[in-house]
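Working notes, structure below.
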Amino acid sequence: MKFYALFKQATVGPNATKAPSKLKIVERYKWDEWKKLGKMSKDDAMKTYIETLNKKAPGWNTKAKL
């Protein structure tokens, strides 16, 4: 969900949408994660996304050897 929230923040900006119903568990959890980022800038969200990805999957951005 962290990657989803950072992606939304980087592409859309701060969450200003109406919260989904609490009965829609997945949608609500995604919305909550995005809302937690507050007013983080798009640039900061992009940087944090890449930093998190580098920690989770080192070498993800290297070219595949053919």
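The values are calculated or read from the model by the stated rules, or taken from the named source; none is laboratory data. Note that the coordinates shown come from a computational prediction; the quantities given were computed from them, not determined experimentally. Neighbour counts run over all protein chains shown; Cβ positions are idealised from the backbone, glycine included. Keep in mind that these areas ignore ligands, DNA and RNA; they rest on the heavy atoms of the full protein, side chains included. Shrake-Rupley method; radii C 1.70, N 1.55, O 1.52, S 1.80 Å.
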Only one of (1) of a type in the set (Gly, Ala, Ser); (2) surrounded by 10 or more Cβ atoms within 10 Å (Cβ to Cβ); (3) part of a loop (DSSP other than H, G, I, E, B) does not apply to SER21, and that is (2)
State yes or no: is PRO58 farther than 13 Å from LYS2 by Cβ, modelled with pLDDT under 95 and either open to solvent by 90 Å² or more (accessible area, probe 1.4 Å) or of a type outside the set (S, T, N, Q) (or both)?
-> yes
Specify which of the listed residues (MET46, MET40) is in contact with a helix residue (DSSP H, G or I) (Cβ under 6 Å, 6 or more places away or on another chain), in a loop (DSSP other than H, G, I, E, B), of a type in the set (A, V, I, L, M) and surrounded by 13 or more Cβ atoms within 10 Å (Cβ to Cβ).
-> MET40
How many residues are out of contact with any Phe, Trp or Tyr (no Cβ under 8 Å at 6 or more places or on another chain) and surrounded by fewer than 13 Cβ atoms within 10 Å (Cβ to Cβ) if we restrict to the stretch 1-18?
-> 3
Scanning the stretch 24-37 residue by residue, the ones that are outside any loop (DSSP other than H, G, I, E, B) and open to solvent by 80 Å² or more (accessible area, probe 1.4 Å) total 6
Can you find even one residue in the stretch 51-66 that is at positive phi and over 12 Å from the mean Cα position of the chain (by Cα)?
-> yes
